[in-house]
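Participant: One structure, pasted below without further comment.
None of the figures in this text is laboratory data; all of them are computed from the coordinates on show. Being a predicted model, the structure only gives us computed values, none of them experimental. A quick note on method: Cβ atoms are made from the backbone with ideal geometry, for glycine too, and the neighbour counts reach across all protein chains shown.
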Amino acid sequence: MSNATFAPTYGPVPIPLKELLPWAIFGGLLLMLAIYFIGAEQGATSLISGMGVHEFVHDGRHLLGFPCH
């Protein structure tokens with residue numbers, strides 16, 4: 001009977017900043033858009049008329065401490 005062990009010959013590869021930066025910017029823009037819709041939509045800076053967006057994010061507004069009524 002032989003004992004076999006697994007020893008990988010490679011380690012984790014670091015991700016260069018110039019490859020990570022576009023994804024970080026994209027994620028940041030998506031987060032800013034989400035905060036806009038949760039925090040400011042249906043107010044003075046409304047982009048979409050009606051109450052649909054407000055009702056969709058209503059509980060998120062309360063969870064994050066934004067006043068809505």
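Participant: If you take the alpha carbon radius of gyration of region 1-40 and divide it by 2.2 N^0.38 Å, what ratio comes out, to two decimals?
Facilitator: Compactness ratio reported: 2.36.
Participant: Packing-wise, with mean Cβ within 10 Å as the measure, how do 7-13, 59-65, 32-38 rank, highest first?
Facilitator: Peptide ranking by packing, descending: 32-38, 59-65, 7-13.
Participant: Which FRET efficiency value, to the nearest 0.05, do you get for LEU30 and GLU55 by plugging their Cβ-Cβ distance into 1/(1 + (r/R0)^6) with R0 = 25 Å? Write down the numbers at each step before the final one.
Facilitator: Working: r = 21 Å, r/R0 = 0.86.
My answer for the efficiency is 0.70.
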